[in-house]
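Undergrad: Handing you this structure, nothing more for now.
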Amino acid sequence: MERDLLIYNSLSRAKERFTPLHPGHVGMYVCGPTVYGDAHLGHARPAITFDILYRYLTHLGYKVRYVRNITDVGHLEHDADEGEDKIAKKARLEQLEPMEVVQMYLNRYHRDVDALNVLPPSIEPHASGHIIEQIEYIKKILEAGYAYESCGSVYFDVEKYNKDHNYGKLSGRNIEDLISSTRSLDGQQEKRNPLDFALWKKASPEHIMHWPSPWSEGFPGWHLECSTMGTKYLGETFDIHGGGLDLMFPHHECEIAQSVAAQGHEAVRYWMHNNMITINGKKMGKSYGNFITLEEFYQGSHPLLTQAYSPMVIRFFILMAHYRSTVDFSNEALQAAEKALMKILDGYRRLMNLKPAEKSSVEVPDFMEQCYQAMDDDLNTPQVIATLFEACRIINQATDGGAQLSAEDLENLRLLFTTFLVDILGIRVSADADSADSMKAYEGAVDLLLEVRNNAKAAKDWATSDLIRDQLKALGFNIKDTKNGVEWHLD
Ligand code: ZN
């Protein structure tokens with residue numbers, strides 16, 4: 001489908017019209033998880049943001065090759081170049097083979113993001129499975145003169161690169177400021193400049209994950225895997241590279257420098273970054289005691305949570321904000337999201353049960369076009385949700401008997417919900433047997449209460465009848481007596 005999609009390119013700091021390199025095809029790379037711990041909210045946001053982009057591009061008819069890597073080597077404890085490998089450390093502490101650690105957390109990651117209805121990528125390459133390619137990539141950078149060997153390790157020469165190119169162009173940082181703010185750490189004497197980053201690290205004797213190379217028995221630096229695997233699966237130049245804003249510097253900055261050094265030109269045409277998540281206004285971190293895993297959200301098992309939140313509530317909550325805005329998680333905000341989602345699902349359920357009238361008695365705006373325009377404007381999901389609420393208002397009018405809808409209008413509204421709520425926002429509705437069952441149970445319970453109220457009324461037991469009406473109202477239900485019986489919906 002021909003549409004003008006605008007996306008915000010972090011490189012130009014402007015919204016740009018998206019035109020793929022190869023008509024009809026899109027190559028998209030997103031920095032995936034580092035698998036040394038359970039998936040948490042910080043994993044959920046990029047997974048959902050780029051799932052929306054993947055779904056929308058696919059919906060528009062593009063053939064998308066979506067690559068999301070697994071970082072299973074070279075993520076060191078202190079910074080990208082120093083300390084023990086986090087997976088190796090976990091393996092040592094838990095007496096596991098490193099690949100067991102990787103597989104265990106990868107399985108859990110898949111389980112947790114599947115629950116969020118995040119579609120699997122087309123290719124999910126492991127850094128540890130691409131050591132040969134990374135060694136070849138380092139050779140190219142060495143040949144171009146932008147890296148040097150030191151004590152069995154290979155470092156990228158940032159100062160030299162910056163003389164010929166512009167290091168810091170993505171994050172808008174300036175090399176002089178960076179040099180003055182970078183401390184020289186112990187063990188960094190091998191580097192010419194503290195800004196230089198490792199392409200290959202010689203493994204210390206206690207390091208258990210290492211491979212042979214022309215320079216030493218060692219392992220690749222973290223930034224290298226994305227340049228290598230992006231190019232391997234998407235070509236020397238590809239369309240979109242995404243990730244969290246926290247990866248913009250130094251990770252993505254280093255990726256640009258590596259591509260330019262190895263290939264003579266950049267690899268990525270559009271850089272996209274999702275903003276970060278805070279919890280009750282604070283950064284998420286183990287030291288703040290607010291590090292909540294997705295599993296803990298689903299179970300309600302973290303002390304900061306007053307209840308469990310279903311994966312669809314988490315997904316909907318994240319989509320209620322634009323991906324470039326910050327999101328603050330709190331129980332109040334999640335409960336509001338839960339209520340909002342129930343309202344939309346309630347509208348969808350009513351819509352499916354509505355009978356067409358001869359003619360519509362109200363004007364139904366072109367909601368489909370409004371949603372397309374919102375998505376075309378840099379994936380404005382909050383605007384799509386606002387439009388779905390507008391549609392719910394008309395649906396509620398129709399189910400309360402205050403409006404009538406023609407067969408054509410009903411069909412368009414149904415298409416609106418299946419296209420935007422189900423396919424593009426990726427909200428699971430009736431496909432999920434559990435939620436269909438619980439929806440049936442919930443409707444049955446409300447109907448039953450209303451029947452009890454009717455019986456109370458018939459018996460002139462006004463106290464009981466009023467109690468049921470008032471309590472349901474307090475819970476957010478709108479109840480109306482119509483000539484066809486009692487109608488209700490969530491307000
Ligand atoms: Zn990456």
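Nothing in this text is a laboratory measurement; each read-out follows from the coordinates by a stated rule. Values in this document were obtained by computation on a predicted structure and should not be read as measured data. Every residue, glycine as well, gets a Cβ built from its backbone with ideal geometry; the counts of neighbours run over all protein chains shown.
Undergrad: Can you pull the percent of Cα pairs in the chain with separation above 27 Å?
TA: Considering the chain, 62 percent of its Cα-Cα pairs are separated by more than 27 Å.
Undergrad: Here's a follow-up. Please list, or write none, the aspartates and glutamates whose alpha carbon is within less than 14 Å of the alpha carbon of K480, excluding same-chain residues fewer than 8 places away.
TA: Within reach: D400, D447, E451, D466, D470, D491.
Undergrad: Okay, next question. Could you give the angle, 0 to 90 degrees to the nearest 10, between helix 98-115's Cα long axis and the longest principal axis of the Cα atoms of the chain?
TA: Taking Cα atoms only, the helix is inclined about 30 degrees.
Undergrad: Give, rounded to the nearest 20 debye, the magnitude of the charge dipole that the chain has about its Cα centre when Lys and Arg contribute +1 at Cβ and Asp and Glu contribute -1 at Cβ. Write down the numbers at each step before the final one.
TA: Details: 50 positive and 70 negative charges, 132 e Å.
The calculated dipole for the chain is roughly 640 debye.
Undergrad: Helix 407-416 sits at what angle to the longest principal axis of the chain, using alpha carbons and giving 0 to 90 degrees rounded to 10?
TA: It is inclined by approximately 30 degrees.
Undergrad: Would you mind getting me the FRET efficiency between H302 and R92? Use the beta-carbon distance for r and R0 = 30 Å, nearest 0.05. Please report the intermediate quantities before stating the final value.
TA: Values: r = 27 Å, r/R0 = 0.91.
Calculated value: 0.65.
Undergrad: Right, here's the next one. Can you list the residues, at least 5 places off or on another chain, whose amide H is less than 5 Å from the amide H of F329, using H built in the peptide plane?
TA: T278, I279, N280, G281
Undergrad: Right, next: Roughly how far apart, in whole Å, are the Cα centres of segment 241-281 and segment 114-163?
TA: 14
Undergrad: Near K359, which lysines are there with a Cα under 17 Å away, not counting those fewer than 8 places off in the same chain?
TA: none
Undergrad: Moving on. Can you find, among G285, Q335, N380, the residue farthest towards the positive end of the dipole of segment 235-391? Put +1 on the C-beta of Lys and Arg, -1 on that of Asp and Glu.
TA: Farthest towards the positive pole: Q335.
Undergrad: Also, I was wondering about something else. Obtain the nm distance between the two label points defined at E411 and T19 by a simple spin-label model: each point lies 7 Å from its Cα along the Cα-to-C-beta direction.
TA: 3.7
Undergrad: In whole Hz and in residue order, list the ³J(HN,Hα) couplings for segment 453-459 that follow from phi through the Karplus curve 6.51 cos²θ - 1.76 cosθ + 1.60, θ = phi - 60°; x for Gly and Pro.
TA: 5, 4, 4, 4, 4, 4, 8
Undergrad: Can you flag which of K89/K139; K89/K140; K15/K63 are past 25 Å Cα-Cα? Walk me through the numbers before you get to the answer.
TA: Values: K89/K139 29 Å; K89/K140 31 Å; K15/K63 23 Å.
Among K89/K139; K89/K140; K15/K63, the Cα-Cα distance tops 25 Å for K89/K139; K89/K140.
Undergrad: Separate question: Could you let me know the centre-to-centre spacing of segment 283-340 and segment 359-397, using Cα atoms, in angstrom?
TA: 26
Undergrad: Which of the peptides 8-15, 49-56, 107-114 is most tightly packed, and how do the rest follow, judged by the mean count of other Cβ atoms within 10 Å per residue?
TA: Numbers: 8-15: 14.6, 49-56: 23.5, 107-114: 16.6.
Highest-to-lowest ranking by the protection proxy: 49-56, 107-114, 8-15.
Undergrad: Which Cα, out of L247, Q299, M209, lies furthest along the positive dipole direction of segment 193-327 (beta carbon charges, K/R +1, D/E -1)?
TA: The residue sitting farthest along the positive end of the dipole is Q299.
Undergrad: Sticking with this one: Quick one: work out the % antiparallel among DSSP beta bridges in the chain, nearest 5.
TA: Just about 55 percent of them are antiparallel.
Undergrad: Could you tell me which residue out of F477, S259, H59 lies farthest along the dipole of the chain toward its positive end? Charges go on the beta carbon: Lys and Arg +1, Asp and Glu -1, centred on the Cα centre.
TA: The residue sitting most towards the positive pole is F477.
Undergrad: Something else now. Which distance in nm do the two modelled labels at E390 and N331 give, with both placed 7 Å along the Cα-to-Cβ direction?
TA: Here the modelled spin labels are 3.6 nm apart.
Undergrad: Consider all pairwise Cα distances in segment 63-161 and report the whole-number % of them above 22 Å.
TA: Numbers: 2323 of 4851 pairs.
Everything past 22 Å amounts to 48 percent.
Undergrad: Compute the long axis of helix 331-353 from its Cα atoms, compare it with the longest principal axis of the Cα atoms of the chain, and write down the angle in degrees, 0 to 90, nearest 10.
TA: 60
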